[in-house]
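Engineer: What follows is a structure written as structure tokens; I'll ask about it next.
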Amino acid sequence: MIRRIVMAAYLGLLVCLQAGNAAHAEDLAALTYQAAGDELRTRIVINFDHEPDVSTMLLGDPHRLAIDLPKTVFGFDKKSVEPRGLITDVRYGMIDSTRSRLIFTLKGPFAVERLDVIKNDTSPGYRLVADLVASSDRAFAEAMKTQNQTTASTVVAPKGDRIASAAPNEVSTGPKPFTVVVDAGHGGIDSGAESAGGSLEKNVTLLFAQQLRDELGKLPGIRVEMTRNDDTFLRLSERVRIARQYEADLFISIHADTINRGSIRGATVYTVSDKASDADSRAMADRENRADAVAGIAFDNETPEIADILMDLTRRETHTFSLSFAKTVVKSLKKDVNMINNPHRFAGFQVLRAPDVPSVLVEIGYLSNQEDEKLMLDPAWRSHVAERLATAVGEYAGMKTAGALN
Ligand SMILES: [Zn+2]
């Protein structure tokens, strides 16, 4: 009896091995994996030994992309699949005896802008090229809905995935409230500027951002989101990605920098521009744009497409809105908050470059000036300035809703 079971098991194993050997010759081999880009746009390139048959599926909660392949042998270098840009995790393996799957986990909602299988020109084999771009919660929920309507009957979701209840809970189908994303500059390993007395910009900006959030919360019909609510490091592109995730109507980045002349003080409102309004503004933008490098992240120049997103056609309208909001802020602050000469300035700030989100950067004061520092450390002063800024947001939102800005 026992011998028979052993024998049967042995035969079974033989059959498996033979089937395995026979299939092996035809198995697809995924040879290399590469990813490049940032939190707004990431390109994946996978090299195969022969042409793969590919299908994809979006998965929610967390945001994931599954790429299904025939049975595949993966030969990826471990280092190559480390988190990059929008992608926080890459997994791959067999899902049954004939199929394999790659699963990418992303930082937030995304769209597959392009997915092509291309024959290599100079080397044998094929490559899969996919461009993943950051999108909004609503766009992702829509894409999931469309996918489920068209593929729910044919695609089997991995265990535990809620493909049927695709839409993330917080995505409502009603009209979107006027949304403001408040960005506390710097954070984590990037402390930003430091005063002579040791005050760190990243702490001042967080305290102010929280008070601004509270003031905005008092306005009816306004939704407020923060890019960070604790001492976390965020890449500049991650801040922009968050603004786009929420389809923000306004993005307000809060700073409190130092400047090389201690006498300069007061608030400044910046908008983005390829040409800086003055040398100080250019220097300020250069320093701000180095925030990622401060944290040891090298600037990724492998993806020229990132430049394309900056040139998006929607930018012109967005820019008009940014200028309009900046003017409203200056008007509101000017009444009783100390401002620098020519308080609306412009320079090439990376963090203000969302093509579809009107964005301003507000230096609430300068940590290089003792009086400014004293004020910024005073909760009552911060609360007052936050209230003036919130008033400006309310005015702007009213004008925008009424269509008075076009
Ligand atoms: Zn700063």
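Laboratory data are not the source of any read-out in this text; all were calculated from the coordinates shown. These figures come from a predicted structure and were not determined experimentally. For neighbour counting, all protein chains shown are included, and Cβ atoms are generated from backbone atoms with ideal geometry for every residue, glycine included.
Engineer: What is the ratio of the Cα radius of gyration of region 310-359 to 2.2 N^0.38 Å, with N the residue count, to two decimals? Please list the in-between numbers first.
Structural biologist: Numbers: Rg = 12.4 Å, N = 50, 2.2 N^0.38 = 9.7 Å.
Here the Cα radius of gyration is 1.27 times the empirical estimate.
Engineer: Here's another thing I want to ask about it. Could you work out how far apart the two model spin labels at Val129 and Ile189 are, taking each label as a point 7 Å from the Cα in the direction of the beta carbon, and quote it in nm?
Structural biologist: Once both label points are built, they end up 3.2 nm from each other.
Engineer: What is the dipole size for region 178-401, taken about its Cα centre, with +1 at each Lys and Arg Cβ and -1 at each Asp and Glu Cβ, in debye to the nearest 20? Present the calculation step by step, with values, prior to reporting the outcome.
Structural biologist: Numbers: 27 positive and 34 negative charges, 136 e Å.
That gives region 178-401 a dipole magnitude of about 660 debye.
Engineer: Which aspartates and glutamates, if any, have their Cα less than 15 Å from the Cα of Lys202, not counting same-chain residues under 8 positions apart?
Structural biologist: Asp183, Asp190, Glu194, Asp230, Asp231, Asp257, Glu288, Asp292, Glu363, Glu373
Engineer: Mind running the shape call on region 178-401? Use the C-alpha gyration tensor, a ≥ b ≥ c as the square roots of the eigenvalues: rounded below 1.5 for a/c, prolate if a/b tops b/c, oblate otherwise.
Structural biologist: Working: a/c = 1.37, a/b = 1.07, b/c = 1.28.
It comes out rounded by the Cα gyration axes.
Engineer: Given Cα positions, please report Rg to Rh for region 322-406, the hydrodynamic radius being the Kirkwood one. Show your work: numbers first, answer last.
Structural biologist: On the way: Rg = 13.9 Å, Rh = 14.1 Å.
With Rh from the inverse mean 1/r over Cα pairs, Rg/Rh is 0.99.
Engineer: By a straight-distance test (C-alpha under 12 Å), which aspartates and glutamates pair with Lys327 as possible cross-link partners, with residues fewer than eight away in the same chain excluded?
Structural biologist: Qualifying aspartates and glutamates at Cα under 12 Å: Glu395.
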